[in-house]
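What follows is a short report on a single structure.
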Amino acid sequence: MDFGFANTLLGISRVAGVIVPVSIGFITDRYGFQVILKWSIFATGLSTIALALSPTLPLIWLHSPSKPFSPLPFFPVAFIAISKFTPISERSMTSDSSLPSE
């Protein structure tokens with residue numbers, strides 16, 4: 001595989017990085033964070049296996065964009081889940097007492 005083709009393939013596979021973080025908020029509101037976390041982990045494993053077992057170039061083209069797309073929903077949704085499990089008083093890393101007084 002020459003460098004130009006490899007760079008094109010890598011660039012196409014990274015387009016999802018712009019679309020997924022924006023759309024995952026709407027999808028999480030609709031289905032809940034537990035469902036999205038489960039599907040994200042499942043899709044990440046499945047896309048890794050599919051890309052590793054792709055014997056031909058067309059299958060690599062097919063599975064390459066799904067590999068970076070699948071783990072993207074995990075972290076925004078994980079942050080939502082963490083914020084749901086902690087009380088409001090513990091969500092901030094700083095408190096008023098740590099601020100300098102005037």
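The values are calculated or read from the model by the stated rules, or taken from the named source; none is laboratory data. Quick caveat: nothing in here was measured; it's all calculated off a predicted structure. No Cβ is skipped: glycine too gets one built from the backbone with ideal geometry, and neighbour counts run over all protein chains shown. SASA here: full protein model, heavy atoms, side chains in, ligands and nucleic acids out. Shrake-Rupley method; radii C 1.70, N 1.55, O 1.52, S 1.80 Å.
Data overview
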{"read-out": "Test: residue in segment 17-28 that is of a type outside the set (S, T, N, Q) and farther than 25 Å from residue 83 by Cα", "value": "no"}
{"read-out": "Flag if residue 29 is modelled with pLDDT of 85 or more, of a type in the set (Asp, Glu) and open to solvent by 70 Å² or more (accessible area, probe 1.4 Å)", "value": "yes"}
{"read-out": "Selection from segment 75-102 of residues that are surrounded by 14 or more Cβ atoms within 10 Å (Cβ to Cβ) and at pLDDT below 70", "value": "none"}
{"read-out": "Residue 7, sole failed condition from (1) touching a residue at least 12 places away in the same chain (Cβ under 8 Å); (2) among the polar types (S, T, N, Q); (3) open to solvent by 100 Å² or more (accessible area, probe 1.4 Å)", "value": "(1)"}
{"read-out": "Any hit, segment 59-74, residues being assigned to a helix (DSSP H, G or I) and loosely packed, with under 13 Cβ neighbours inside 10 Å", "value": "no"}
{"read-out": "Filter result for residue 40 (under 12 Å from the mean Cα position of the chain (by Cα) and of a type in the set (S, T, N, Q))", "value": "yes"}
{"read-out": "Test result for residue 56, loosely packed, with under 11 Cβ neighbours inside 10 Å and among the polar types (S, T, N, Q)", "value": "yes"}
